[in-house]
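A quick write-up on the structure given underneath.
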Amino acid sequence: CPRTTPYVKAGPALERGRVRGAAGVLATDLQYAQALAARYRTPMVFTVDATQKTYQIADRGGANIYRQRNFGTGGEYGLDQFTATPTAVEMLPNAVVAQSATYTLGLNGYRRRVTFSRAGQIRVATIP
C-alpha cells in the first residue's frame with residue numbers, strides 16, 4: 001500500500017506571514033522615526049501613500065528622507081491593502097506624536113492594524 005502525504009495548503013499561511021511581517025516592520029519603523037526625532041532634535045514626518053502602498057520617514061521640511069518602504073506589488077510583501085488615518089504624522093523630539101494614527105495592512109482578506117497613540121505607544125493587532 002503506497003504511503004500518501006496529505007496535501008496542505010500553504011498559500012494562506014504564507015500570506016498571513018507576509019501581513020504579520022509587514023505590520024512588524026511598520027511598527028519598527030515608527031519606533032525608528034521616534035528615535036530619529038529624538039536624536040536630531042527635530043520633528044520627523046511619517047507619510048503614507050495608500051495608492052502606491054508606500055511610506056517614508058523624512059524631516060519636517062522633507063529635505064532628508066531617512067527611510068522608504070513599498071508594501072505593494074513592487075515590494076517584498078505584496079499587500080493588497082495599506083491604509084492610514086491620517087496619512088501623515090509628525091513625531092516631535094520629546095517622543096510625543098502630534099496626533100494618533102491607525103494603519104491597516106492586508107492581503108486577501110487577512111488584516112492587521114497598527115495603532116500609534118499620541119503618547120508614542122505602538123500596538124499591533126489582528127482585525128477580526
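The values are calculated or read from the model by the stated rules, or taken from the named source; none is laboratory data. The structure presented is a predicted model; accordingly, all values stated were derived computationally and were not measured. In this analysis, Cβ positions are derived from the backbone assuming ideal geometry, glycine residues included, and neighbour counts consider all displayed protein chains. What goes into the accessible areas is simple: the full protein's heavy atoms, side chains included, and nothing from ligands, DNA or RNA. Shrake-Rupley method; radii C 1.70, N 1.55, O 1.52, S 1.80 Å.
When a/c is below 1.5 the answer is rounded, else prolate if a/b is larger than b/c, else oblate, so apply that to the stretch 55-128 with a ≥ b ≥ c taken from the square roots of the Cα gyration tensor eigenvalues. The shape class here is oblate.
The stretch between residue 51 and residue 64, if pulled fully straight at 0.36 nm per residue, gains 2.4 nm over its current Cα-Cα span. Look at the dipole of the chain built from charges on Cβ: of 83, 62, 104, the Cα furthest out on the positive end belongs to 104. A straight chain from residue 38 to residue 83 at 0.36 nm per residue would run longer than the Cα-Cα distance by 13.6 nm.
Fully extending the segment from residue 16 to residue 94 would add 24.6 nm, taking 0.36 nm per residue of separation and subtracting the current Cα-Cα distance.
Here the dipole of the chain is about 400 debye; that uses its Cα centre as origin and unit charges on the Cβ of Lys and Arg (positive) and Asp and Glu (negative). Working note: 222 nm ellipticity from helices only, DSSP H runs with n ≥ 4, each -39,500 (n - 2.57), summed and divided by the residues of the chain, gives -8500 deg cm²/dmol to the nearest 500. Of the trypsin sites (Lys or Arg not before Pro) found in the stretch 48-89, those in coil by DSSP whose Cβ has at most 16 other Cβ atoms within 10 Å are 60.
Around residue 43, under 12 Å between beta carbons, what's the net of Lys plus Arg minus Asp minus Glu among the other residues? Here the count lands on 0. What is the helix-to-structure angle for 11-40, meaning the angle in degrees between its Cα long axis and the longest Cα principal axis of the chain, kept from 0 to 90 and rounded to the nearest 10? It works out to around 10 degrees.
Figure note: 80, 59 ranked by solvent-accessible area, largest first, 1.4 Å probe, ligands and nucleic acids not counted: 80, 59.
Does the chain classify as rounded, prolate or oblate by the C-alpha gyration tensor (a ≥ b ≥ c root eigenvalues; a/c under 1.5 gives rounded; else a/b over b/c gives prolate, otherwise oblate)? Because a/c hits 1.5 or more and a/b exceeds b/c, the chain counts as prolate.
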